[in-house]
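For reference, the structure is listed below as structure tokens.
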Amino acid sequence: MRDSDCASLTEAECRAGAAGWESLGEYDAVQGDQPWIEAYAEACRPYGAIVDEQDYLEGWDIGHAEFNRRVNVN
């Protein structure tokens, strides 16, 4: 879904509500990625949209916990 080296988002993705940002944060973390807030903010700047950092990080925390469960399976 995302190439973390190039955080390109559509205008619709940039204007996503809380659920969209939370979902993106969760997706990034489950993939083992770090939070990409700064890159997303840069990608959304041309649209005048602002990253919902709180919702993104809430999703990232959920995804990170899932990632850790998957990695630490015995």
Breaking point among (1) among the polar types (S, T, N, Q); (2) part of a helix (DSSP H, G or I); (3) touching a residue at least 12 places away in the same chain (Cβ under 8 Å), for Asn68: (3)
Pairs with Cβ under 6 Å, 6+ apart, first in region 31-42 and closer than 13 Å to Gln54 by Cβ, second open to solvent by 30 Å² or more (accessible area, probe 1.4 Å): Pro35/Trp60; Ile37/Glu53
Being open to solvent by 60 Å² or more (accessible area, probe 1.4 Å), part of a helix (DSSP H, G or I) and either in contact with an Asp or Glu (Cβ under 7 Å, 6 or more places away or on another chain) or on the phi > 0 side of the Ramachandran plot (or both) is the requirement here; does Glu26 meet it? no
When region 47-60 is examined, which residues are found to be at pLDDT 95 or above and either loosely packed, with under 14 Cβ neighbours inside 10 Å or touching a Ser or Thr at 6+ places or on another chain (Cβ under 7 Å) (or both)? Gly48, Gln54, Gly59
On the given criteria, is Ala43 at negative phi, in a helix (DSSP H, G or I) and of a type outside the set (Val, Ile, Thr)? yes
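The values are calculated or read from the model by the stated rules, or taken from the named source; none is laboratory data. Given the structure is predicted, the values throughout are model-derived calculations rather than measurements. Neighbour counts are summed over all protein chains in view; Cβ atoms, including those assigned to glycine, are modelled from backbone coordinates with ideal geometry. The area values use the complete protein model at the heavy-atom level, side chains included, leaving out ligands, DNA and RNA. Shrake-Rupley method; radii C 1.70, N 1.55, O 1.52, S 1.80 Å.
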